[in-house]
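The structure appears right after this line, and notes come after that.
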């Protein structure tokens, strides 16, 4: 009889009654842990996209600045005509000032080329950002190009936004 009772406690159906599976609370806790993990992953993805866009715009601003440096170096006779606090030259296609040097004859004077270069620069800045600004300055023979854009997307270009500054000599 003792052997029969001993074997009865190891019966397969008896063990099934003792293990009933997960409770509803355990399942809910597992779902909460999973949801928190997925939210963290989504936040990481958003930050990655934001930083990727910022890096792209910084690279484009750097290329625009290097292009302007090359344009100033190509036209050194009138390098001081490039000096400006902000690029405010119109880039309207009907503006004759911006189109003097376009065409096949390439017979521009150096001052006309400066205007064309500033128009092209303004066009490049507008493609970078609608609020982008650029400046070329000269302090004691050292030229400086600064490009600023609305990186934090608050609608205004101010001191809180990114700036690329490159100094160069001619």
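Mean sequence separation of contacting Cα pairs (under 8 Å, at least six apart), scaled by the length of the range 19-168, corresponds to a relative contact order of 20 percent.
Decide, for the range 29-79, between rounded, prolate and oblate: order the square roots of the alpha carbon gyration tensor eigenvalues as a ≥ b ≥ c, take rounded if a/c falls under 1.5, and otherwise choose prolate if a/b is larger than b/c, else oblate.
Working: a/c = 13.43, a/b = 10.81, b/c = 1.24.
The shape class here is prolate.
Here, each number is a calculation from the coordinates, and none is a lab measurement. The shown structure was predicted, so the numbers you read here are calculated from the model rather than taken from an experiment.
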